[in-house]
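Data first, discussion second: the structure below is written as structure tokens.
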Amino acid sequence: MDSSCLHEQFERQVVLAPEAAALTFEGAHLTYAELNGRANQLASYLRECGVGVETRVGLCLDRGLDTVVAILAVLKAGGAYVPMDPIYPAERVRMISEDAACPIILVHQEYEERFVATDEVRVVVMDGGECPWDHQPTENLPPVAEPSNLAYVIFTSGSTGRPKGVLITHHNVWRLFTSTEQWFSFGADDVWTLFHSYSFDLSVWEIWGGLLYGGRVVVVPYVVSRSPEEFHSLLVVEKVTQLCQTPSAFRQLQMYEDSLDEPERKALPLRCVVLAGEALNVPSLASWFERHGDENPCILNMYGITETTIHVTYRRVYQHEAQPGTPSYIGVPIPDQPCYVMRSFGELAAIGEEGELYVGGEGTARGYLNRPELTNERFVESPFAHDRGATLYKSGDLVRLVDGDMIYVGRMDKQVQMRGFRIELGEIEARLSGMEGLESAAVVHHIEGDGPGRLMAYYVATETVAVARLREHLAQSLPEYMIPSGFMRVEVMPLTGNGKLDYGALPEPVFGPACDEGFVAPRSELEARIVAIWRSLLGVDKIGIHDDFLELGGHSLISTQLASRLQDTLGIKLPMGEFLKFPTVAQLAALAETTASVVRQEVETGTNVRADFTKPIPLSFAQEQLWILDQLRPGMTAYNIVIKIDMEGPLNPTLVRRALDAVVQRHEVLRSNFVDIDGMPTQLISENVSVPLKEVEFG
């Protein structure tokens, strides 16, 4: 297919199937026509605000329908979007905002105070009631951007202490799909998940893989993305066929399935699973293959780099390869992205020999925003006569070529990949070294078993510094995944013979208690059982009740396992966010006791049995969305789910009717009607409802 801008290809799908579902989020749907119309309205407003070709527009939005609408609108207006995920610390968002110099920033109201509106910067709230673009036309705008123009600027970790923006064009993205569709057969029947943050380039693959081919994209709520149980349920309910995951995230989903008994397992509708973002440990897939085989779904390992547009190589992974000793195969280059493995610049490595990977071709980014020296250092001219004049990206990754298949070996520099994120250890070191009371700092990536590893920070201090203060200092400017799991004070940094820091001579990492209160053993059976769960998840033997979950090596992905273990072994179900708010065993045990006490009291007093149905009950946010959609399209059946149940033996209609009535009587939502009272949508809940049961006999 011809090169094109992303929004123009999307508009072609709107013509083909305007009423097909394009986006889903928490039960709400947008068709292709509705998504296109909303984006056109916002795009018209953006143009009136001065957005034109390659104007950078900042986005600081919670994931949801608004996110995709905003991305599409920015592209339609001719601009390039700059994601600033609100889960990032305010300091990091500020640095990105300053570097990108966006004249307009689209935000959700909750994050408006993070930005200062000036004559040069306009901050626009997308969820503050009536929006200034609500009355704009819904028709497509005359296109102004060309395929060679910027589509987005994604910021990655930087070794100098500041994140760096990567400049990606429409053509970079569009050709990725046209070059790989031979392997994937993308189509309108596919259902994708937008699982990742829109600040992570795998989100580009997820969004456009669906929208460019008429498929449906399910936006995964953040809390669901951190709960393997809820995410697994979403995959089943939404009938997801195309899934993209980092190996770390997929491992959580796999471990959840491992914990289920056979009767509890539900068939996943997946057709294809792409694993990307970090090195894949192939043997870890053994239990997945035992359940699912390697055909439905097929498992693909795709190595990629933000600077070369998401994916670089393709490799199908088979069940017989999931055994000890199998290396991390990354496969063959995408057809329009030539790859070279070099011992030194211009000298190709021999078969089986390690070398640095250089990537060229149509996916190569324009460079880094406002960083000409770094751009010249990493984007170099090809040294080969047949490729003269072409640009190659110097990846810093070591690979080995064996039998036409590339094997990922590791990094050459101080950059690592963990949980799908690329991390410059130098950025963490720079942040620590700049802290008052610290003289110098070093950060290493410690690999344990088949996991993604943990970060250990070593520091030389001129005064006593509490670990909590170190973590707090880093949390002001770094995202959670970049904060080390452990901190060790050393008297002096070891040096090599030529005066450089000798990382190999640093003490062996010890991840364990680091709390000023000292070690305190469990005082109750509940605390002891929580400690036992922590030991098995964190791999730490000595854990006291005042030790911090994060300082022991925990992170958001491990917290999902903790939630599952607490529920399965102790019957304690707590919201995901509580584990980070109450990070010690003592706090968590107290919270669990309080929660259990409140539930017992409510049950004993009857306060949790039912609400007062005699008073008007406002709709929840999700219910209000359904009500609004029904006003737009009365009688819509998009949310009706049809289930067929086959029963053997004689049927007793009376018992079936009683069973259905009992279910309806137990769940108020099945007896609820949405009505308009004085212009406000309200719930009316009936006391008794009998389900009409129609009997039809087939001869």
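The values are calculated or read from the model by the stated rules, or taken from the named source; none is laboratory data. Bear in mind the structure is a predicted one, so any value in this text is a computation, not a measurement. Glycine also receives a Cβ, built like all others from the backbone with ideal geometry; neighbour counts cover every protein chain displayed. Ligands, DNA and RNA are stripped out before the accessible areas are found, and what is left, the full protein with its side chains, is counted by its heavy atoms. Shrake-Rupley method; radii C 1.70, N 1.55, O 1.52, S 1.80 Å.
Some values worked out for this structure:
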| quantity | calculated |
| --- | --- |
| Residue satisfying condition, being in contact (Cβ under 8 Å) with a residue 40 or more places away in the chain, more than 20 Å from Ile207 (Cβ to Cβ), among the basic types (Lys, Arg) and outside any loop (DSSP other than H, G, I, E, B), within set Arg315, Arg291 | Arg315 |
| In segment 318-329, residue most open to solvent (accessible area, probe 1.4 Å) [restricted to those that are of a type outside the set (A, V, I, L, M) and assigned to a loop (DSSP other than H, G, I, E, B)] | Pro324 |
| Restricting segment 1-60 to residues that are β-branched (Val, Ile, Thr) and not in a helix (DSSP H, G or I), the residue that is most open to solvent (accessible area, probe 1.4 Å) | Val53 |
| Pair list, Cβ < 7 Å and 6+ apart or interchain, from segment 635-654 residues that are within 30 Å of Arg216 (Cβ to Cβ) to residues that are modelled with pLDDT of 65 or more and open to solvent by less than 70 Å² (accessible area, probe 1.4 Å) | Met636/Asp630; Ala638/His29; Tyr639/Gly27; Tyr639/Leu626 |
| Single residue of segment 94-113 satisfying the filter (open to solvent by less than 30 Å² (accessible area, probe 1.4 Å) and part of a loop (DSSP other than H, G, I, E, B)) that is farthest from Val57 (Cα to Cα) | His108 |
| Lone qualifier among Val124, Val116, Val144 - being modelled with pLDDT under 90, outside any helix (DSSP H, G or I) and within 28 Å of Lys164 (Cβ to Cβ) | Val116 |
| Selected residue [within 20 Å of Ser287 (Cβ to Cβ), at pLDDT below 95 and open to solvent by 20 Å² or more (accessible area, probe 1.4 Å)] from Val223, Val236 | Val236 |
| All positions within segment 446-472 that are open to solvent by 50 Å² or more (accessible area, probe 1.4 Å) and either modelled with pLDDT of 85 or more or not in a loop (DSSP other than H, G, I, E, B) (or both) | Ala468, Arg469, Glu472 |
| Some residue of segment 330-346 being open to solvent by 40 Å² or more (accessible area, probe 1.4 Å), farther than 28 Å from His170 by Cα and touching a strand residue (DSSP E or B) at 6+ places or on another chain (Cβ under 6 Å) | yes |
| Considering residues of segment 350-373 that are without any contact (Cβ under 8 Å) to a residue 60 or more places away in the chain and β-branched (Val, Ile, Thr) only, the residue farthest from Thr308 (Cα to Cα) | Ile351 |
| Residue in segment 493-512 that is at pLDDT 85 or above, of a type in the set (Val, Ile, Thr) and within 27 Å of Met412 (Cβ to Cβ) present | no |
| Options Glu377, Glu356, Glu307, Glu362; residue that is of a type in the set (D, E, K, R) and in a loop (DSSP other than H, G, I, E, B) | Glu362 |
